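The values are calculated or read from the model by the stated rules, or taken from the named source; none is laboratory data. Since the model is a prediction, treat every value here as computed from it, not as a measurement. Cβ coordinates were reconstructed from backbone atoms using ideal geometry, including for glycine residues, and neighbour counts include every protein chain displayed. For the accessible areas, the whole protein counts, side chains as well, though only heavy atoms, and no ligand, DNA or RNA atoms are used. Shrake-Rupley method; radii C 1.70, N 1.55, O 1.52, S 1.80 Å.
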Amino acid sequence: MRVEFEVLGPVTARDADSGRPIALKGPRHRAVLARLLVARRRVVPVPRLVADLWDEPPAGAVPALRTFVAALRRALEPDRPPRAPARLLITEGPGYALRADPATVDAERFSSAVPAATTPDALAQALALWRGPAYADIADAPWARTERTRLGELRLQAVERRAALLLDRGRAAEAVPDLDAHAAEHPWREDGWRLLALALYRTGRQGEALAVLRRARALLIEQLGVDPGPALRRLEADILAQAGHLEGTAGGVEQVWERTAAAYDRAVGGGSRVRLESTVGLLRELAVTGGGGLEAARDQRTAAVAAAEELGDPELTARVIGAYDVPAIWTRVDDPEHAARVVASAERTLAALPPDAHPAARARLLATVAVESRGTRSARGPRAAGEAVRLARELGDAPLLAFALNGLFMQSCRGSGLAGRREEIGAELVTLGERHALPSYGILGRLIRLQARCARADFAGADAQAAAAERLAERYDRPLVGVFTQWYGALKLAETGTVPQAEAAYRVAADGLPDAGMPGLAAGLLPLALLGLRIRHGLPPEPEAAAPGAAFRAADWGPYAPWTRPLLLLARNRRAEAAAALRALPPPPYDLLYEAMWCLTARAAALLGDRETLRRARAELAPAAGELAGAGSGLLTLGPVADYL
């Protein structure tokens with residue numbers, strides 16, 4: 001038989017298998033058991049036990065103690081054979097020890113659980129072990145006093161810690177009842193009053209919160225003759241001022257997410273179809289947080305699409321794919337393999353849709369193809385974008401039209417000099433965002449217009465768009481906006497400031513890229529910006545202060561390496577290699593740096609006297625004669641295209 005011991009309340013022993021209490025006979029037997037439990041597996045000498053059990057030990061105290069121990073052994077180990085040594089309540093040296101596994105004693109489990117608990121639920125489980133004051137039926141015994149005090153204090157700390165965790169997680173209403181009882185039972189604990197007042201304030205009961213603090217003040221002054229401590233005084237002042245920090249932290253949002261997800265699990269159960277659709281909605285919201293949220297959403301989206309395809313329902317798959325309408329501003333994908341898988345799934349689903357499928361499903365799939373095939377030279381992307389916009393306009397569906405226009409923007413770099421067309425798309429997105437409460441697309445429109453104004457060197461107009469985007473970002477918590485507006489500030493300095501000012505600004509802006517969750521943007525961007533800065537100001541491609549080529553050889557040029565390589569080789573007087581690299585250049589991808597790559601190509605071709613490449617570069621760049629090369633990205637500039645022409 002496995003025995004469990006309970007001392008958080010009256011002292012009892014139970015059969016762990018059946019849950020039935022074990023008869024412990026009289027109060028002396030219970031006191032012996034309690035004294036040995038307090039010792040926590042250490043030996044208690046017989047003289048110590050006798051002195052603790054009797055204020056004035058009788059003449060037969062030691063034989064009586066042995067009788068109590070023998071009776072306890074029979075109760076705790078009823079199956080032990082006669083004359084077999086005891087395994088639980090043992091005789092050792094001058095006394096006795098109870099060698100109970102700590103996991104079988106509620107006080108030991110409680111003592112371990114409370115310090116380790118990091119959630120309100122974990123602390124609630126620990127507090128559920130408490131059935132009353134520790135060692136309740138031997139409350140007057142001096143030897144139990146220290147242990148009773150220790151356990152009682154640990155319980156009070158657990159109550160207050162649980163309340164604090166509930167407040168951190170936005171569950172203030174749950175904390176109020178327990179804190180109310182806690183403060184009434186233990187009125188000298190100022191932290192209990194503080195937590196209760198804060199919980200009341202966060203549930204919209206600021207009058208009651210102030211009343212609680214004033215009640216605490218009266219008790220402390222009238223009965224103890226002391227003023228409330230600094231924490232209570234500070235809280236009262238903050239409540240009167242309605243200080244913003246009293247509303248809590250992001251932990252509350254996280255807990256709302258956890259509780260919502262739990263409620264969703266209970267409601268949906270095994271409903272995989274509903275689950276897939278709504279999961280993508282959650283991923284869409286996660287993506288706009290940037291950083292790890294964006295990367296996690298991207299990864300989980302692939303799994304959701306694959307799961308939808310496995311169910312064999314093309315209309316469901318269309319909804320799952322199309323629900324991820326996360327606004328995109330950068331015309332190069334972060335993960336080409338992921339994008340290709342999404343495009344392939346969308347194309348398969350388009351082919352499998354029944355003729356009577358709702359046009360919105362088809363439009364969302366087409367918009368997805370347009371967005372995810374950005375930066376490629378395939379003709380499918382522009383066709384898909386145009387068809388998606390047409391369908392969305394016919395349906396009069398504003399959110400769908402915004403998504404389709406995003407796809408059209410992603411396909412708007414198929415040549416140079418197209419900043420005016422992108423400005424039109426951005427303006428329509430701004431209007432949709434304002435009229436139909438689509439803040440993410442309103443922000444996207446502002447950033448697109450910022451890029452278009454940069455391309456035309458209209459920095460006053462770009463400033464206005466940057467300020468509007470930042471206001472929306474602050475209101476709707478869109479942290480990625482700051483990445484783009486900070487880079488815009490560096491671009492502006494590259495055109496209007498000094499080289500040291502612009503270089504410093506570019507480096508500061510680059511510091512924020514690793515945490516942005518956009519590897520397609522981050523890769524090679526800083527070296528390219530610094531190269532453009534030097535070219536813009538008539539400096540050699542590589543810093544003269546460094547060993548020739550050191551800084552640029554160490555740089556990660558990312559996807560821009562082929563177009564920078566000829567110029568860097570020329571700077572090192574390696575003309576033959578530079579000429580070979582120029583001949584091997586592929587056409588630049590259709591993205592926001594299309595003109596910049598052609599300008600780098602043109603500069604290398606001019607230095608090498610490659611007239612055929614110069615003719616091709618001139619034909620490609622001529623439509624952008626009035627623009628700044630690269631500035632249509634809103635991130636960097638290589639100077640006026642006219643200089644290269």
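Quick check, is Leu645 closer than 30 Å to Ala462 by Cα, surrounded by 24 or more Cβ atoms within 10 Å (Cβ to Cβ) and in contact (Cβ under 8 Å) with a residue 12 or more places away in the chain? Taking the combined requirement at face value, the residue does not satisfy it. Give me the residue from the stretch 84-102 that is open to solvent by 10 Å² or more (accessible area, probe 1.4 Å), in contact with a strand residue (DSSP E or B) (Cβ under 9 Å, 6 or more places away or on another chain) and not in a loop (DSSP other than H, G, I, E, B) and, out of that set, nearest to Leu36 (Cα to Cα). Within the stretch 84-102, the match that is nearest to Leu36 (Cα to Cα) is Tyr96. Scanning the stretch 191-198 for any residue that is within 15 Å of Glu160 (Cα to Cα) and among the small types (Gly, Ala, Ser) turns up at least one such residue. Scoring Phe403 on the criteria (1) buried (at least 16 other Cβ atoms within 10 Å of the Cβ); (2) at pLDDT below 95 leaves a single failure, condition (2). In the stretch 1-55, the residue that is surrounded by the most Cβ atoms within 10 Å (Cβ to Cβ) out of those that are in a loop (DSSP other than H, G, I, E, B) and among the β-branched types (Val, Ile, Thr) is Val7.
Quick check on the stretch 592-634: of everything there that is assigned to a loop (DSSP other than H, G, I, E, B) and open to solvent by less than 10 Å² (accessible area, probe 1.4 Å), which residue is farthest from Leu447 (Cα to Cα)? Filtering first and then ranking leaves Ala629. Could you grab me the full set of residues in the stretch 241-253 that are among the aliphatic types (A, V, I, L, M), modelled with pLDDT of 75 or more and either under 29 Å from the mean Cα position of the chain (by Cα) or surrounded by 11 or more Cβ atoms within 10 Å (Cβ to Cβ) (or both)? Listed by number, the residues that qualify are Ala243, Leu246. Within the stretch 54-81, residues that are without any contact (Cβ under 8 Å) to a residue 60 or more places away in the chain reach partners that are aliphatic (A, V, I, L, M) and open to solvent by 40 Å² or more (accessible area, probe 1.4 Å) with beta carbons closer than 8 Å, at six or more positions or on different chains, in the pairs Pro57/Ala51. If you go through the stretch 565-582 and keep only what is within 19 Å of Ala617 (Cβ to Cβ) and out of contact with any helix residue (DSSP H, G or I) (no Cβ under 8 Å at 6 or more places or on another chain), you end up with just Ala580.
Identification of helices (runs of 4 or more DSSP H) wholly contained in the stretch 475-529 with 3 or more residues that are modelled with pLDDT under 95 and out of contact with any Pro (no Cβ under 9 Å at 6 or more places or on another chain) yields 481-496, 499-511.
When Ala340, Ala318, Ala385, Ala367 are checked against the criterion of being modelled with pLDDT of 95 or more and either over 26 Å from Pro479 (Cβ atoms) or not in a helix (DSSP H, G or I) (or both), a single residue qualifies: Ala385.
Kindly provide the set of residues from the stretch 73-97 that are under 28 Å from Ala139 (Cβ atoms), of a type in the set (A, V, I, L, M) and in contact with a helix residue (DSSP H, G or I) (Cβ under 6 Å, 6 or more places away or on another chain), ordered by number. Correct list: Leu88, Leu89. The set of residues in the stretch 464-509 being among the acidic types (Asp, Glu) and buried (at least 17 other Cβ atoms within 10 Å of the Cβ) consists of Glu470, Glu495, Glu503. Selection of the stretch 431-462 for residues being part of a loop (DSSP other than H, G, I, E, B) and within 29 Å of the chain's Cα centre (by Cα) yields His436, Ala437, Leu438. Among the residues of the stretch 211-230, the ones that are over 15 Å from Ala184 (Cβ atoms) and open to solvent by 40 Å² or more (accessible area, probe 1.4 Å) come to 9 in all. Gly293 falls short on exactly one of the conditions (1) modelled with pLDDT under 80; (2) surrounded by fewer than 16 Cβ atoms within 10 Å (Cβ to Cβ), and that condition is (2).
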